[in-house]
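Inspection log for the structure reproduced underneath, given as structure tokens.
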Amino acid sequence: MYEALTGAPPFTGNTFFETLAMHLDAPVPKFAGKGTSSDLAAMEPIVLRCLAKFPGDRYQTVEEVHDDIQKHFKHLIPQE
């Protein structure tokens, strides 16, 4: 999701093991400066929560992700 929204993966090391270490230890980079629109930048808190280092800090179900997306973007969803 991060890469789809920003155009780049969150972590890119010089080697596989450097990238792996970044996934484990480095904070997830913010969207700022990644050329995202304001609507896509509004997804940042959702994406960062999905990528949280500690499982308890992440969404526990896909329904929670769906509900947050619906809540943040209901103005973009056509009403029937």
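Pairs please, first residue from region 1-27 and in contact (Cβ under 8 Å) with a residue 12 or more places away in the chain, second anywhere and among the polar types (S, T, N, Q) and surrounded by 12 or more Cβ atoms within 10 Å (Cβ to Cβ), Cβ atoms under 7 Å, 6+ apart in sequence or on different chains. Qualifying pairs under 7 Å: L5/T36; T6/T36; F11/T19.
For P10, the conditions (1) in a helix (DSSP H, G or I); (2) modelled with pLDDT under 95 all hold with the exception of (1).
Does D25 satisfy being in contact with a Phe, Trp or Tyr (Cβ under 8 Å, 6 or more places away or on another chain) and at pLDDT below 95? No; evaluated as a whole, the condition is false for this residue. Residues satisfying the criterion are present in region 37-50 (criterion: open to solvent by 80 Å² or more (accessible area, probe 1.4 Å) and at pLDDT below 90).
The values are calculated or read from the model by the stated rules, or taken from the named source; none is laboratory data. Not measured: the values here are computed from a predicted model. As a convention, Cβ positions derive from the backbone with ideal geometry for all residues, glycine included, and neighbour counts pool all protein chains shown. Side chains included, ligands, DNA and RNA excluded: accessible areas come from the protein's heavy atoms. Shrake-Rupley method; radii C 1.70, N 1.55, O 1.52, S 1.80 Å.
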